[in-house]
Amino acid sequence: MTRVCVVGAGAREHALAVALARTASVVVAPGNPGITALSPGIACTPRPAEEIDADLFVIGPEVPLVGGLADRLRGRGKLVLGPGADGAQVEGSKAWMKALLVSAGVPTAAHGTFDAEAPAVAFLRQLRGDGPYVVKTDGLAAGKGVLVTGAIDEAIDDVQAKLSGSAFGAAGRRVVIEEGLVGEELSVMALCDGTRAVPLAAAQDFKRAGEGDTGPNTGGMGAFSPVPGAGDDLVDTVMDQAVLPTLAALRRRGIDYRGVLYAGIMLTADGPKVLEFNVRFGDPEAQVVLPRWHGDVVSFLASAAGGSLGPSPGFSDQAAVCVVLAAEGYPTEPRTGDVISGWDAAATMDGVQLYAASVAQDARGLTTSGGRVLSVSALGDALPEARDRAYAAAAMIDWPGRLMRRDIASRAAVGVQGP
Ligand code: AMP
Ligand code: GLY
């Protein structure tokens, strides 16, 4: 049996492990105790990936990719899904990514890159249009380094906090300021083998902490797939206008990009525009796209890693909804150490799959150990059913201060939303 090592510790890695374990033996490095509690067939190991013997490595998070883990594994002759440090700059530096997009002619928000306050503030003041002000850290900030605000004073304060290093340390000492775009968002993840790319099913993510898209940006509070109105034509447009030109631009720079290119898209009145590229599966998008994936995920990922990608994979007609359960205080200062109750009963519900993110274990049982604690995913014949199942399971799981958004997929499920 093929042996796959999934690198990472969160719910996305758990979802990858479950999908891969249909046809392979899977170890997650390091994973978390919730993964083994919920999926007893999947092993977790504290050993570093470099010390693990596997036929295929799938690297989940951006931080090890930016740090060159894929290069080190390939240097040892391993088959790896995930870009090297060169390709991972697409996510590691928003300034680098924006420059790449502009060179490739990919539609994206107008922007400026700054490491000093005065020109940054001057740029903010001359921005026109209907949209909000957008201030991003250049470096990695776990999805939390983006401010979107209608108030210029707040944007200026944010520029100061980021550039001074007080808000995000070194990641914020350079900022990217963008024109605000308005529209529905869409996540399109594409598998790339260096030259070719094929899309996975589209998903929508909920980035804000609060219901009605209020509050600070987070890593993602929920997702659903498919997205009504985002059919093959729209996905093909995103591939033709965004993903393929970006992959070609990487190639022109001598970068052999083998991994997931995830396009975060805003569907504006002027057509789809790229908000960002990530160099990995989305979290929580993976938790709704992977359960819908037909066929052998292992051989598919291996073919991308090996440079011989086949035709697009198929996805079931079922819908999937994921609701993230987070700890009180997320995304700023999550409270930890609380016992999680009800997860075992919720996990047995029809169509439901729990994925463990920040979960620890002690004599009391499974406990919370970080911001996003559990992903509750459910499949159903259509979005309303998947949504009802996910929320019914989520309602059974509790700990003090548990947070969740109650409006994940709510508009899409009643058909009032669509690009
Ligand atoms: P990013 O990490 O760059 O995708 O940004 C996180 C979130 O901030 C996105 O999912 C959008 O909701 C929002 N956002 C980012 N860039 C813009 C923009 N130029 N205009 C409006 N909203 C944005
Ligand atoms: N869900 C957004 C991300 O994975 O970056």
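The values are calculated or read from the model by the stated rules, or taken from the named source; none is laboratory data. Just so it is clear, the model here is predicted, and its values are computed rather than measured. Cβ: placed from backbone, ideal geometry, glycine included. Neighbour counts: every protein chain shown.
A few remarks follow.
- Condition broken by Gly212, with the remaining ones in (1) in a loop (DSSP other than H, G, I, E, B); (2) of a type in the set (Gly, Ala, Ser); (3) within 15 Å of ligand 2 (Cβ to nearest atom) satisfied: (3)
- Leu234 vs. criteria more than 23 Å from Gln318 (Cα to Cα), touching a residue at least 12 places away in the same chain (Cβ under 8 Å) and either of a type in the set (D, E, K, R) or more than 16 Å from ligand 1 (Cβ to nearest atom) (or both): no
- When Glu179, Glu184 are checked against the criterion of being at pLDDT below 95 and under 14 Å from Val274 (Cβ atoms), Glu179 stands alone in meeting it.
- Applying a threshold of 6 Å to beta carbon distances and a minimum spacing of six or more residues, or different chains, the list of pairs starting in segment 247-262 at a residue that is assigned to a loop (DSSP other than H, G, I, E, B) and ending at one that is away from ligand 2 (no atom under 16 Å from the Cβ) and β-branched (Val, Ile, Thr) is empty.
- So Val227, is it within 16 Å of ligand 1 (Cβ to nearest atom), of a type in the set (A, V, I, L, M), part of a helix (DSSP H, G or I) and within 18 Å of the chain's Cα centre (by Cα): no
- Candidates Thr332, Thr348, Thr268: the one that is surrounded by fewer than 19 Cβ atoms within 10 Å (Cβ to Cβ) and touching a Pro at 6+ places or on another chain (Cβ under 8 Å) is Thr332.
- For segment 137-173, the tally of residues that are outside any helix (DSSP H, G or I), more than 14 Å from ligand 1 (Cβ to nearest atom) and polar (S, T, N, Q) stands at 2.
- Gly282 within 28 Å of Ala209 (Cα to Cα) and assigned to a loop (DSSP other than H, G, I, E, B): yes
- Filter result for Val188 (in contact with a helix residue (DSSP H, G or I) (Cβ under 9 Å, 6 or more places away or on another chain), within 16 Å of ligand 1 (Cβ to nearest atom), assigned to a loop (DSSP other than H, G, I, E, B) and not acidic (Asp, Glu)): no
- Selected residue [loosely packed, with under 15 Cβ neighbours inside 10 Å and either over 27 Å from Arg387 (Cβ atoms) or among the aliphatic types (A, V, I, L, M) (or both)] from Asp256, Asp240, Asp232: Asp240
- In segment 131-150, the residues that are over 21 Å from Tyr330 (Cβ atoms) reach residues that are within 16 Å of ligand 2 (Cβ to nearest atom) and not hydrophobic (A, V, I, L, M, F, W, C) with C-beta atoms within less than 6 angstrom, at least six apart or across chains, in these pairs: Asp138/Ser93; Asp138/Lys94.
- The number of residues in segment 194-208 that are in a strand (DSSP E or B), within 16 Å of ligand 2 (Cβ to nearest atom) and modelled with pLDDT of 95 or more comes to 3.
- Residues satisfying the stated conditions in segment 315-332, i.e. part of a loop (DSSP other than H, G, I, E, B) and either at pLDDT 95 or above or within 16 Å of ligand 2 (Cβ to nearest atom) (or both): Ser316, Asp317, Gln318, Ala327, Glu328, Gly329, Tyr330, Pro331
- Test for Val176: is it among the β-branched types (Val, Ile, Thr) and out of contact with any His (no Cβ under 6 Å at 6 or more places or on another chain): no
- In segment 182-203 there is no residue that is more than 23 Å from Phe315 (Cβ to Cβ), among the hydrophobic types (A, V, I, L, M, F, W, C) and out of contact with any strand residue (DSSP E or B) (no Cβ under 9 Å at 6 or more places or on another chain).
- Residues (within 21 Å of Gly212 (Cβ to Cβ) and surrounded by 18 or more Cβ atoms within 10 Å (Cβ to Cβ)) located in segment 387-409: Arg387, Ala390, Tyr391, Ala394, Arg402, Leu403, Met404, Arg405, Ile408, Ala409
- Lone qualifier among Leu366, Leu354 - being over 20 Å from the mean Cα position of the chain (by Cα), crowded, with 18+ Cβ neighbours inside 10 Å and in a strand (DSSP E or B): Leu366
- Extreme residue, farthest from ligand 1 (Cβ to nearest atom), among residues of segment 270-298 that are farther than 17 Å from Leu20 by Cα and hydrophobic (A, V, I, L, M, F, W, C): Val279
- When Ile59 is tested against the conditions (1) within 16 Å of ligand 2 (Cβ to nearest atom); (2) farther than 24 Å from Leu244 by Cβ, the lone failure is (2).
- Selection count, segment 95-133, where residues are aliphatic (A, V, I, L, M), over 28 Å from Met239 (Cβ atoms) and part of a helix (DSSP H, G or I): 5
- Considered as a group, the residues in segment 178-188 that are buried (at least 22 other Cβ atoms within 10 Å of the Cβ) and within 16 Å of ligand 2 (Cβ to nearest atom) include one that is farthest from Ser299 (Cα to Cα), and that residue is Leu186.
- Qualifying residues in segment 244-286 (those that are charged (D, E, K, R) and away from ligand 2 (no atom under 16 Å from the Cβ)) - the one nearest to Cys192 (Cα to Cα): Arg258
- Screening Leu267, Leu301 for residues that are within 16 Å of ligand 1 (Cβ to nearest atom), over 19 Å from Thr36 (Cα atoms) and outside any loop (DSSP other than H, G, I, E, B) leaves exactly one candidate, Leu267.
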